[in-house]
Ligand SMILES: *Cc1c(COP(=O)(O)O)cnc(C)c1O
């Protein structure tokens, strides 16, 4: 820390992204990226003729892409917001809808960026514990007078909250914004997008990073009534009006033109998830009923930290969170069937269960 850092930030503990080591080639199952490449249409669209225009700023309104996304979800472009990864949309929403008098409320076991945004922006927080099985109880969120953030499906548990529960929370907090972070919704969750016309306090945040194989492009999006979208747009124009790059806009347009490709990739990931869950169960692992592109698993005879380190030594990276309630668990991204086979073989060796 330099002697110049603002006092306000002296205690800030930044979010720690999954490691991206370069010392050797790892099987990367630690950051929930897609193991499959972007649609061929994305690669065709990002040709040199299009990239020739990199001397020019991108369209700050992202109009063409917003139109495409709106059409696909049955909304108007005014209901769609674009961001540099969905982390940015979440950050803008924290800035816009939380303050001293309106704390942020979220689960104790959820996406690690929420508390970091609170610290960065000086927002007080209410941490609402999940039940012992990591499920979320809608009753805990009734009339709480706070801005509510729910990851659905949740990370790192992979568990989904029903749309009925989301609607109950929306209806019980009409004077507060409810942010539903749907980064993993395409792998088996139900989107709350259909509730936007009914609830002016709903902001749904999604991303192209997980189900659309574009983590490297940094493209997120959000849905809400026009007034909510205008609010986060005002924050965006006050921070970085060109937040989505030209290549990201092009990639996004092509991705939404090839929805069939991504549906097929999601089905593959889901099938691999179910197969991997069976394999892990056979090795004695216990798991949550994940509907995301990862599994959340623990073994009664081995610690999460030990398994993480032994897998890494064998060239396989998974995510281990040394945090309260979840330090026994591994979060394992669903890769290709071959990668998951390598994972299961390595675990069998580590656990002494080779056949
Ligand atoms: C991965 C993830 C995001 C955001 O990812 P971006 O790459 O910034 O779009 C948001 N929320 C959750 C819960 C995630 O796991």
_I need 299, 320 ordered by Cβ neighbour count within 10 Å, fewest first._
299, 320
*Provide the descending list of Cα extents for the stretch 284-327 along its principal axes, expressed in whole angstroms.*
28, 22, 21
*For the chain, what's the radius of gyration and Dmax over Cα atoms, in angstrom?*
20.5, 61
_Virtual spin-label span in nm between residue 303 and residue 142, 7 Å along Cα→Cβ_ = 4.2 nm
*So for the stretch 89-154, what are the equivalent ellipsoid semi-axes in whole Å, largest first, each being the square root of 5 times an eigenvalue of the Cα gyration tensor?*
20, 13, 10
*Give the calculated FRET efficiency between residue 226 and residue 289 to the nearest 0.05, with a Förster radius of 30 Å applied to their Cβ-Cβ distance.*
0.25
*asked:* Modelling each spin label as a point 7 Å along the Cα-to-Cβ direction, I'd like the residue 268/residue 126 distance in nm, to one decimal.
replied: 4.4 nm
*For the stretch 42-162, what value does the Rg/Rh ratio take when both radii are computed over Cα atoms and Rh is the Kirkwood radius, given to two decimals?*
1.07
*asked:* How large is the Rg to Rh ratio of the stretch 256-300 when both quantities use alpha carbon positions and Rh follows Kirkwood?
replied: 1.13
_Would you calculate the convex hull of the Cα atoms in the stretch 225-307 and tell me its volume per residue in Å³?_
191 Å³
*Please compute the Cα-Cα pair-distance distribution of the stretch 173-253 with 5 Å bins starting at 0, giving whole percents from short to long.*
3, 14, 21, 22, 21, 14, 4, 1
*Longest to shortest principal axis, alpha-carbon extents of the stretch 1-101, angstrom*: 47, 46, 31
*asked:* For the stretch 134-200, report the % of Cα-Cα distances exceeding 16 Å.
replied: 41 percent
*asked:* Between residue 4 and residue 341, what is 0.36 nm times their sequence separation minus the Cα-Cα distance? Round to one decimal in nm.
replied: 116.3 nm
*Determine, from the Cβ-Cβ distance of residue 175 and residue 135 and an R0 of 30 Å, the FRET efficiency 1/(1 + (r/R0)^6), rounded to the nearest 0.05.*
0.70
*How much FRET efficiency would the formula 1/(1 + (r/R0)^6) give for residue 240 and residue 282, where r is the Cβ-Cβ distance and R0 is 51 Å, rounded to 0.05?*
0.55
_Output needed for the stretch 199-350: three equivalent-ellipsoid semi-axes, defined as square roots of 5 times the C-alpha gyration tensor eigenvalues, in descending order, whole Å._
36, 19, 15
*asked:* I want the antiparallel fraction of DSSP beta bridges within the chain, as a percent rounded to 5.
replied: 50 percent
_Ranked 347, 120, 249, criterion: other C-beta atoms within 10 Å, fewest first_ = 120, 249, 347
*Order of 219, 343 under a 10 Å beta carbon neighbour criterion, fewest first*: 343, 219
_Testing the spin-label approximation: label points 7 Å from Cα along Cα→Cβ at residue 13 and residue 312. State their distance in nm._
1.8 nm
*Within the stretch 224-244, find all residues whose amide N lies under 12 Å from a label point positioned 7 Å from the Cα of residue 57 along Cα-to-beta-carbon.*
237-244
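Read-outs: derived from the displayed coordinates by stated rules, not from any lab. Treat the numbers as computed from the prediction; the structure is a model and nothing was measured. Every residue, glycine as well, gets a Cβ built from its backbone with ideal geometry; the counts of neighbours run over all protein chains shown.
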